[in-house]
Amino acid sequence: MKAESPTIARAKTPPLRQERACGRRSCHVLCLQSFKRHDRLRYCCSSLCAHFSISSKLNCKKGVRGGFRVFAVLGEEGGLLDKKSTWGPLFDVEDPRSKMPQFKGKFLDAYQALEVARYDIQYCDWRARQDLLTIMILHEKVVEVLNPLARDYKSIGTMKKELAELQDELSQAHRQVHISEARVSTALDKLAYMEELVNDRLFQDRNPADSDQPSPSPSTSTQSPDSVKNKSPRKNLKVSGPVQPYHPHLKNFWYPVAFSTDLKDGTMIPIDCFEEPWVLFRGMDGKPGCIRNTCAHRACPLDLGSVNEGRVRCPYHGWEYSTDGKCEKMPSTRLLNVKIKSLPCFEQEGMILVWPGSDPPAATLPSLQPPPGFQVHAEIVMELPVEHGLLLDNLLDLAHAPFTHTSTFAKGWSVPSLVKFLTPASGLQGYWDPYPIDMEFRPPCMVLSTIGISKPGKLEGQSTRECATHLHQLHVCLPSSRHKTRLLYRMSLDFAPVLKHVPFMHYLWRHFAEQVLNEDLRLVLGQQERMINGANVWNWPVSYDKLGVRYRLWRDAVEEGAKQLPFEKST
């Protein structure tokens, strides 16, 4: 339809090219558009959106000075909440939509547009009343749920009597809580004192005189800690000074050195193990081999060459070596009986293991599989500039997490009043309290941990068995040299299997692992510097250092050649 105005010439306007809408469901849209360049005035009130365009100049050509059109679009809205309350009459306003003129799909003149606007404002008022009524109904329901007295109309005397009884019960409960807190505090003090006695016992020299001493009598528990310390002085672990060359006894174990997925056919992986360079590759039969990374001819690094038909080819003169170290090809000369050193090499459970020691290899290899129900999600290899023993000390310690890892996995962790690592009398495994984490040191250089995940940042107060989902970690700390460690990290989950198939997820896991390690690395590097200069990194162990202490005592026994290693599981 066409609208006339005293200030606007009568003329037909072109079809409306664009509809303006505010995005609400019950929205009446009024769009007015001029012919020439114009200023825009927008008005939107709840369910009313209008776009007016007024001509800024008068066009005198063909007698046209300006004009506008109105286009109305009526939307739909859901009905009012059916349930009424005692406040219903106060909000009993008739729905104006039933009386609203039906102009849907029509062009309106100015009067019709104002009529639509008037009804739309009435609708906004009605809608606001219904929203307020809904809020009041919900408030009434909340009161009914939270306050049972609102449902049961009782006399004032009855309510006073019940309130007094509740107050008495609450007071008695408070007294009981205080008594329980006192008992818990006393028990924790006794436990800390017993842990200290155990540590003092562990730090004593392991000689026949000490081993034949009788255990403390029950009356010892009544003595003060100061008197016990005077009778049995504390003896600390001594880990200080420059890192000494590795003892040969420490080499007589199977060491994981690489992941199977990284050692593809036709490729090589150079590694350092106990200060010696080695190279891993697969032979013609697909089985892995480990030979010294030095050509017998001119001492050229073999990893600079290539793998040809299951043999490593030296890049200098083309000499080729098989997985047992034998040179099977010498171009441009007569074949000589040449062989370089190789290590026993074995592949198991997705890992490549070598035996660097001089003793015959053990018949059994340590199992590093995650528990049943877990799937491997990430396998990461890193080279870290720290001695592997210091890195193991760090991995076997969780009490530092709320202070060190405040930007990564321990963000939001509270600092408990007492942290304990509980472990059996024999063995190198146990669990943390108050964190739901099971941990184990697996000789010679592996740390396995299972972390129960309940809520992010809320790890206290639950064991791993009580958690629905878990994260399993394997850390292998290969002693590359006295100041370098090759770290193999494997992460497994018993939930969210779809994450394993997300593209580039491996890079995200690596980024997170590097962040966590960097938080530790700056501390361990500082320890290493102080240790080299004479400081003792195990100067004053406490109760939560138990697993790290047992690792150090185990390592000392290995280097001393003990026939029976400490903390071994009884068979």
Handout entry: For the stretch 553-559, Karplus couplings with θ = phi - 60° (6.51, -1.76, 1.60), whole Hz, Gly/Pro x
Key = 5, 4, 5, 4, 5, 5, 5
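Averaged per residue, what accessible surface does the stretch 510-571 expose to a 1.4 Å probe, in Å²?
Value returned for the stretch 510-571: 56 Å² of accessible area per residue.
Give me the net charge of HIS377's neighbourhood, meaning all other residues with Cβ under 15 Å from the Cβ of HIS377; Lys, Arg count +1, Asp, Glu -1.
Residues near HIS377 contribute +1 overall.
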Fill in the blank from the handout: Checked the stretch 266-424 against the a/c 1.5 cut and the a/b vs b/c comparison, axes a ≥ b ≥ c from its Cα gyration tensor; verdict prolate
Practice task
Find out how many positive minus negative residues lie around LEU365, taking Lys and Arg as positive, Asp and Glu as negative, among other residues whose Cβ is under 12 Å from that of LEU365.
Solution key: -1
Practice task
Would you mind estimating how fast the stretch 240-349 diffuses translationally, via Stokes-Einstein at 4 °C and 1.567 mPa s with the Kirkwood radius over Cα pairs, in µm²/s?
Solution key: 88 µm²/s
Exercise for the section: Could you look at the stretch 402-540 and say what percent of its accessible area is carbon and sulfur, using a 1.4 Å probe and all protein chains? Expected result: 57 percent
Practice task
Using DSSP to define loop residues, name the GluC sites (Glu not before Pro) in the stretch 485-571 whose beta-carbon has at most 13 other beta-carbon atoms within 10 Å.
Solution key: GLU560, GLU568
Problem - Equivalent ellipsoid, the stretch 379-453 (semi-axes from 5 times Cα gyration tensor eigenvalues, Å) - result: 21, 18, 11
Problem - Loop trypsin sites (Lys or Arg not before Pro), the stretch 496-571, which have at most 13 other Cβ atoms in a 10 Å radius of their Cβ (DSSP) - result: LYS563, LYS569
Problem - the stretch 523-571: chymotrypsin sites (Phe, Trp or Tyr not before Pro) in DSSP coil with no more than 15 other Cβ atoms inside 10 Å - result: none
Fill in the blank from the handout: Rounded to the nearest whole number, the Stokes-Einstein translational diffusion coefficient of the stretch 353-398 at 4 °C and 1.567 mPa s (Kirkwood radius, C-alpha pairs) in µm²/s is 90 µm²/s
Problem - Backbone HN-Hα couplings from phi across the stretch 269-286 [Karplus 6.51/-1.76/1.60, Hz, Gly and Pro as x] - result: 10, x, 9, 10, 9, 6, 6, 10, x, 9, 9, 9, 6, 10, x, 4, 7, x
Problem - Residue pairs, from the table LYS251/LYS411; LYS251/LYS500; LYS341/LYS500; LYS411/LYS500, whose Cα atoms sit over 29 Å apart - result: LYS251/LYS411; LYS251/LYS500; LYS341/LYS500
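The values are calculated or read from the model by the stated rules, or taken from the named source; none is laboratory data. Since this is a predicted model, take the numbers as computed values, not measurements. Heads up, the Cβs are rebuilt from the backbone with ideal geometry, glycines too, and the neighbour counts pull from every protein chain shown. Ligands, DNA and RNA are excluded from the accessible area calculation, which covers all protein heavy atoms including side chains. Shrake-Rupley method; radii C 1.70, N 1.55, O 1.52, S 1.80 Å.
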